[in-house]
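Report on the structure given below.
What follows draws every value from the coordinates through simple rules; no lab data is involved. Quick caveat, the model's predicted, so the values are computed rather than measured. Glycine gets a Cβ as well: all are built from the backbone with ideal geometry, and neighbour counts include every protein chain shown.
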């Protein structure tokens with residue numbers, strides 16, 4: 001199994017772990033913040049879905065041999081900007097706070113599937129080439145997949161610590 005296949009399998013497993021996690025929670029547990037400073041499951045999946053849009057934009061750009069077209073909530077700024085991260089996350093919160101759990105979950109699930117489909121279509125050599133896509137500034141597309149996995153893992157572990 002090559003690196004791309006390995007990360008795709010891990011991402012599929014991550015999606016499945018999230019599905020199992022949310023399936024055992026009540027509606028109240030899904031939409032209410034469990035403790036101060038930790039987002040609700042709904043808000044967390046909205047957050048992950050929004051950042052997944054950035055990853056999808058990168059994969060679409062690679063597939064279509066063009067620059068990425070990032071979501072509007074980035075306000076034209078670099079998604080890697082650490083100094084703008086809080087603004088981005090506040091924009092995401094505002095954007096999705098009025099949506100229902102079902103809307104957020106469906107969009108997250110569909111986005112995850114799109115992400116995996118696009119990633120699978122990228123040739124293996126392009127996935128690991130750090131010079132193939134200048135807009136990645138020395139990173140390979142593989143790092144986009146790895147980053148998505150780690151982001152999902154970070155938030156699942158945070159919520160699992162609360163809900164067991």
- Message: Looking only at region 55-74, count every residue that is free of Cβ contacts under 8 Å to residues at least 60 places away in the same chain and touching a helix residue (DSSP H, G or I) at 6+ places or on another chain (Cβ under 7 Å) and tell me the total.
- Response: 7
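Residue by residue, here is whether (1) touching a strand residue (DSSP E or B) at 6+ places or on another chain (Cβ under 8 Å); (2) crowded, with 19+ Cβ neighbours inside 10 Å; (3) farther than 18 Å from residue 15 by Cβ holds:
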position	(1), (2), (3)
91	no, no, yes
97	no, no, yes
126	no, no, yes
133	no, yes, yes
140	no, no, yes
159	no, yes, no
- Item | Candidates 52, 29, filtered to the one that is under 18 Å from residue 110 (Cβ atoms) and touching a residue at least 60 places away in the same chain (Cβ under 8 Å) | 52
- Could you pull out every one of the helices (runs of 4 or more DSSP H) wholly within region 96-164 that has 2 or more residues that are farther than 25 Å from residue 5 by Cβ? 101-121, 141-163
